[in-house]
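The values are calculated or read from the model by the stated rules, or taken from the named source; none is laboratory data. The structure presented is a predicted model; accordingly, all values stated were derived computationally and were not measured. For neighbour counting, all protein chains shown are included, and Cβ atoms are generated from backbone atoms with ideal geometry for every residue, glycine included. Surface accessibility is based on the protein's heavy atoms, side chains included, excluding ligands, DNA and RNA. Shrake-Rupley method; radii C 1.70, N 1.55, O 1.52, S 1.80 Å.
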Amino acid sequence: GGSPIVATATTTPAPEPAPEPAFDWAEFWKFLRPQLLALSAAVMFALATALLNVRIPLLLGELVNVVARCAQEHAGNYLRDVRQPALRLLLLYGLQGLLTFGYIALLAQVGERVAGSMRKALFTSLLRQDVMFFDANRTGQLVTRLTADVQEFKSSFKLVISQGLRSVTQTVGCFASLYLLSPALTRLLLLVLPCLVGAGALIGSFLRGLSRRAQEQVAKATEVADEALGNVRTVRAFAMEDREVALYCSEVDRSSQMNESLGLGIAVFQGLSNVVLNGIVLGTIFVGGSLMAGEDLSAGDLMSFLVASQTVQRSMANLSILFGQAVRGLSAGARVFEFMTLEPAVSLCGGSQIPSHALLGHICFHDVSFCYPTRPSCQVLRNFSLNLPPCKTVAIVGQSGGGKSTVAALLERFYEPTQGAITLDGCDICTLDPSWLRGQIIGFISQEPVLFGTTIMENIRFGKPGATDAEVYAAAQLANADGFIRSFPEGYSTVVGERGVMLSGGQKQRVAIARALIKNPSVLILDEATSALDAESEKAVQEALDRAVAGRTVLVIAHRLSTIQGADLIVVLSRGCVAEVRRGALENPHSGLAGVWEAWVLWEGPSAWGSW
Ligand code: ADP
């Protein structure tokens with residue numbers, strides 16, 4: 001049977017690029033509100049810093065005037081005259097530094113707290129989504145939303161508050177002081193500056209587009225590397241190293257090319273803007289000089305004017321960059337909030353429970369029809385009906401792709417039937433508490449069990465979070481795993497590596513069986529593994545399974561003849577419905593093995609002969 005993961009990866013058509021989600025301001029406000037005090041303080045500090053920055057050029061001008069007067073008159077006490085304006089300037093610098101420290105520190109705090117709670121909320125929401133959601137969205141993209149998108153949103157937010165406020169205030173304030181200093185010069189500047197800043201913004205936006213495409217190309221190269229490194233066994237098995245290297249090289253080449261032209265563009269831009277900015281300084285001195293000659297302007301005023309006009313230039317350039325940053329931040333934020341507010345069709349908990357003393361474990365599929373939400377045109381189950389009596393083992397056999405794993409997935413409520421119902425002791429499972437059903441009633445052992453990258457102890461305890469060490473040992477013994485676990489130097493504290501790569505297939509299986517058994521489930525679903533087990537570990541796994549099924553209602557997707565022999569009922573699944581039901585050998589000793597063999601050979605075909 002194909003595992004659902006493999007089936008999706010190979011059959012889902014490439015998803016169309018989804019339309020950009022809109023930014024959810026109400027949701028954002030929920031995260032911002034607890035930080036409002038710190039945020040307001042930061043805003044005040046940033047504003048105050050900007051106002052001080054507007055004052056600084058004027059004080060500099062005063063100082064220059066004092067210096068110039070002293071130099072001209074060659075008399076008077078230079079130190080005494082200069083002290084007062086210099087001290088005022090120093091005070092202002094000190095205050096400005098303090099305020100800058102204040103708003104940056106406060107903003108960092110606000111940003112981190114908001115980003116942290118956004119990450120937590122998004123992760124919580126992602127883990128609650130339906131299995132179908134994960135069929136439709138790639139894990140890598142979900143992880144990107146948790147990491148890069150939150151990061152981008154956070155830095156844009158901080159930048160817009162700090163730089164944005166400052167730049168606007170400084171532009172307005174400095175223009176006012178420019179006008180007070182020299183209306184004539186300011187009018188000239190008002191003519192020239194917007195044209196230059198506009199041209200700069202235009203080139204800037206072109207460069208940003210270039211940069212975005214270059215970044216996308218870098219991401220594409222990373223994706224190739226990620227896929228190859230993550231699936232290195234497959235790459236190795238197909239001897240595809242050279243092909244993957246060639247693929248990666250061509251993507252990297254393309255991204256370097258794009259980044260080089262981006263670098264060229266930035267170089268041209270920087271060179272040009274240096275010339276232009278210096279030209280403005282020169283022009284101001286030139287025009288200002290002629291005004292000074294006419295006694296309309298003092299040297300100090302000219303100094304103030306120069307510094308203030310530089311502040312204006314910087315602030316306006318900043319604003320145009322900030323605009324782009326804000327747009328990017330908003331779309332990153334929108335992506336973060338999109339999945340945060342998504343409600344799963346089946347919530348994780350809520351619903352009734354059957355008290356354990358009344359629980360029989362009788363499962364019935366009533367006329368169930370089903371198609372995967374990602375492939376609505378393909379009906380996987382059609383009027384599928386099946387009765388699993390309490391404490392009996394029912395084996396499903398059938399061709400690969402016939403829908404066997406789908407039956408198991410429906411019983412776990414990974415998906416909802418499109419039609420019909422599944423009942424446990426007569427209650428429709430969609431009225432039952434899903435977390436109770438999955439956590440305590442159903443044990444699921446999949447074909448390729450996935451372990452988590454922690455100790456064996458913790459992996460087994462995953463089945464029952466509060467389990468004592470003794471319970472873990474007992475489950476491991478039942479699963480035939482205790483022996484090999486204790487043979488490891490670190491025993492139960494052995495770390496199994498990412499996804500359990502440090503264990504053999506058979507060992508992994510047995511740990512997974514222990515993990516399922518520790519919760520003492522009334523119902524057991526087994527997707528039997530046939531692949532990758534040598535005879536020795538197959539025997540150990542089989543023994544564990546034989547012990548595991550005793551006293552439980554078991555649905556087993558059978559690949560082994562021995563399972564079929566041991567089953568109380570054998571169901572042949574073909575094209576989504578039950579094609580045939582046979583009583584198992586145990587229940588009907590007269591029919592003997594003949595019926596079993598017939599069913600097996602009929603549906604597995606001659607290929608089955610080779611495997612046992
Ligand atoms: P079996 O276990 O008998 O091999 P499955 O139940 O895995 O069969 O699959 C039945 C059909 O459903 C197959 O055609 C498969 O391609 C499709 N399928 C399985 N999982 C998914 C999924 N997550 N999304 C869409 N189609 C799926």
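What single numbered condition from (1) in contact with an Asp or Glu (Cβ under 7 Å, 6 or more places away or on another chain); (2) under 27 Å from GLU62 (Cβ atoms) fails to hold for SER298?
(1)
What number of residues within the range 433-457 are part of a helix (DSSP H, G or I) and crowded, with 17+ Cβ neighbours inside 10 Å?
Going residue by residue through the range 433-457, those that are part of a helix (DSSP H, G or I) are 434-441, 456-457.
From what is left, the residues that are crowded, with 17+ Cβ neighbours inside 10 Å are 434, 437-438, 440-441, 456-457.
The qualifying residues number 7.
Testing SER400 on (1) open to solvent by less than 60 Å² (accessible area, probe 1.4 Å); (2) out of contact with any helix residue (DSSP H, G or I) (no Cβ under 9 Å at 6 or more places or on another chain); (3) modelled with pLDDT under 90, one condition comes back false. Which one is that?
(1)
Please give the number of the condition THR393 fails out of (1) exposed (fewer than 14 other Cβ atoms within 10 Å of the Cβ); (2) among the hydroxyl-bearing types (Ser, Thr, Tyr); (3) more than 13 Å from the ligand (Cβ to nearest atom).
(1)
What single numbered condition from (1) in a helix (DSSP H, G or I); (2) open to solvent by less than 20 Å² (accessible area, probe 1.4 Å) fails to hold for HIS357?
Every listed condition holds for HIS357 apart from (2).
So, SER385, is that one in contact with a strand residue (DSSP E or B) (Cβ under 6 Å, 6 or more places away or on another chain) and either open to solvent by 20 Å² or more (accessible area, probe 1.4 Å) or on the phi > 0 side of the Ramachandran plot (or both) or not? Step through it out loud before you land on a result.
Details: in contact with a strand residue (DSSP E or B) (Cβ under 6 Å, 6 or more places away or on another chain): yes; either open to solvent by 20 Å² or more (accessible area, probe 1.4 Å) or on the phi > 0 side of the Ramachandran plot (or both): yes.
In short, yes.
Would you confirm, using the coordinates I've provided, whether LEU524 is at pLDDT 60 or above, open to solvent by 10 Å² or more (accessible area, probe 1.4 Å) and either over 24 Å from THR423 (Cα atoms) or outside any helix (DSSP H, G or I) (or both)? Can you show your working first?
Details: at pLDDT 60 or above: yes; open to solvent by 10 Å² or more (accessible area, probe 1.4 Å): no; either over 24 Å from THR423 (Cα atoms) or outside any helix (DSSP H, G or I) (or both): yes.
For LEU524, the condition - at pLDDT 60 or above, open to solvent by 10 Å² or more (accessible area, probe 1.4 Å) and either over 24 Å from THR423 (Cα atoms) or outside any helix (DSSP H, G or I) (or both) - is not met.
Scanning the range 294-346 for residues that are out of contact with any helix residue (DSSP H, G or I) (no Cβ under 7 Å at 6 or more places or on another chain) and part of a helix (DSSP H, G or I), which turns out farthest from SER211 (Cα to Cα)? Walk me through how you get there before you give the answer.
So in the range 294-346, the residues out of contact with any helix residue (DSSP H, G or I) (no Cβ under 7 Å at 6 or more places or on another chain) come out as 294-296, 310, 314, 323, 327, 330-331, 334, 338, 343, 345.
Imposing the further condition that a residue be part of a helix (DSSP H, G or I) reduces the set to 310, 314, 323, 327, 330-331, 334, 338.
Details: GLN310: 27, ARG314: 22, PHE323: 16, VAL327: 15, LEU330: 18, SER331: 17, ALA334: 21, GLU338: 25 Å.
Per the criteria, the residue is GLN310.
For the range 426-437, check the following and say yes or no: at least one residue is acidic (Asp, Glu) and more than 16 Å from the ligand (Cβ to nearest atom). Before you say what the answer is, go through the steps one by one.
Kept after step one, since they are acidic (Asp, Glu), are these residues of the range 426-437: 428, 433.
Checking the rest, the ones that are also more than 16 Å from the ligand (Cβ to nearest atom) come to 428, 433.
Yes, because at least one residue in the range 426-437 is acidic (Asp, Glu) and more than 16 Å from the ligand (Cβ to nearest atom).
For every residue, the table says whether it meets (1) surrounded by 17 or more Cβ atoms within 10 Å (Cβ to Cβ); (2) within 16 Å of the ligand (Cβ to nearest atom).
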| site | (1), (2) |
| --- | --- |
| LEU91 | no, no |
| ALA121 | yes, no |
| ALA136 | no, yes |
| THR139 | no, yes |
| ARG145 | yes, no |
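Output the residue which, of all residues in the range 545-563 that are within 16 Å of the ligand (Cβ to nearest atom) and either aliphatic (A, V, I, L, M) or outside any helix (DSSP H, G or I) (or both), is surrounded by the most Cβ atoms within 10 Å (Cβ to Cβ).
At the first step, the residues of the range 545-563 found to be within 16 Å of the ligand (Cβ to nearest atom) are 555-560, 563.
Among the residues that remain, those that are also either aliphatic (A, V, I, L, M) or outside any helix (DSSP H, G or I) (or both) are: 555-560.
Working: LEU555: 26, VAL556: 26, ILE557: 21, ALA558: 28, HIS559: 22, ARG560: 19.
Within the range 545-563, the match that is surrounded by the most Cβ atoms within 10 Å (Cβ to Cβ) is ALA558.
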